[in-house]
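Colleague: Dropping a structure here in structure tokens format, bear with me for questions.
The values are calculated or read from the model by the stated rules, or taken from the named source; none is laboratory data. The shown structure was predicted, so the numbers you read here are calculated from the model rather than taken from an experiment. Neighbour counts run over all protein chains shown; Cβ positions are idealised from the backbone, glycine included. Surface areas here come from the heavy atoms of the whole protein model, side chains and all, with no ligands, DNA or RNA. Shrake-Rupley method; radii C 1.70, N 1.55, O 1.52, S 1.80 Å.
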Amino acid sequence: IITENGIKFAEGMKYGEDKLFVMDFLAVCQNIYYIPENGYFYRYVTSGAIHRERSDYFYTLLEDYDYTVDFYKNFSLEKEHVERRYSERLAQQIIGYIGLAFLNCSKPIFMETLKNAFNDEKIRAVVERLRASDCFKGEMDQKIADWLLDNKAEKIYRYLKTKELKTKIYKVLHKNDGTVQQKEKITPDFEETQRLEDPVKVTVFTPFYNR
């Protein structure tokens, strides 16, 4: 399927190239079977791109959004539904990137990245649109979005610092009482995966890596 349809990783993309590859692949498949198990495990490494200061990261999120929405125009799907779903996803990604930048960057780099990004008219316009459309879900996301639009990077940093401290205290207090959720096993029970009806010729789990 990959070679016959000339499916390749998008060259020059800094974010989401694996997702786009899978989308292009699934679009030309004759049959697709769904297994309700988590089969995609992301491995974070200190040399990964998201762990470095990336002032252009917001632009890559917007590029991925534009590509995805445009991609779905080829299918019989409601444009408004697709745009809504991916607008909410974009809002989550923006907040998620800010959280990762907080965890993995020094305070000066974190502050500089936010200030530079949100002095940009295009990024501000996107965040304003997402905020007006209620795409930021939850009190925390809404607070951060509002502070972004007000250029209050210091307030965001202090807020995340407080959340981090509360999380650490909670983990210490509940370390041995079973309240803190344990990691789920990576490999599901074999019998639990036998939910597909025949005929099934082959099931392939394919891991994709960013490099």
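Colleague: Just to be sure I understand the filter: pairs with C-beta atoms under 8 Å, separated by 6 or more residues or on different chains, first member in the range 7-31 and of a type in the set (Asp, Glu), second member open to solvent by less than 40 Å² (accessible area, probe 1.4 Å) and at pLDDT 85 or above. Which pairs pass?
Modeller: ASP24/ILE7
Colleague: Next up: Quick check on my filter: what residues within the range 78-112 are open to solvent by 30 Å² or more (accessible area, probe 1.4 Å) and of a type in the set (A, V, I, L, M)?
Modeller: LEU100, LEU103, ILE109 - these are the residues of the range 78-112 that are open to solvent by 30 Å² or more (accessible area, probe 1.4 Å) and of a type in the set (A, V, I, L, M).
Colleague: Moving on. Pairs only if they're at least six apart or on different chains, beta carbon under 6 angstrom, first in the range 103-125 and under 11 Å from TYR157 (Cα atoms) and of a type outside the set (A, V, I, L, M, F, W, C), second modelled with pLDDT of 85 or more and part of a helix (DSSP H, G or I); list them, first residue then second.
Modeller: none
Colleague: Another one. Taking the range 68-81, which residues are farther than 20 Å from MET13 by Cβ and either not charged (D, E, K, R) or not in a helix (DSSP H, G or I) (or both)?
Modeller: Selection gives PHE75, SER76, LEU77, GLU78, HIS81.
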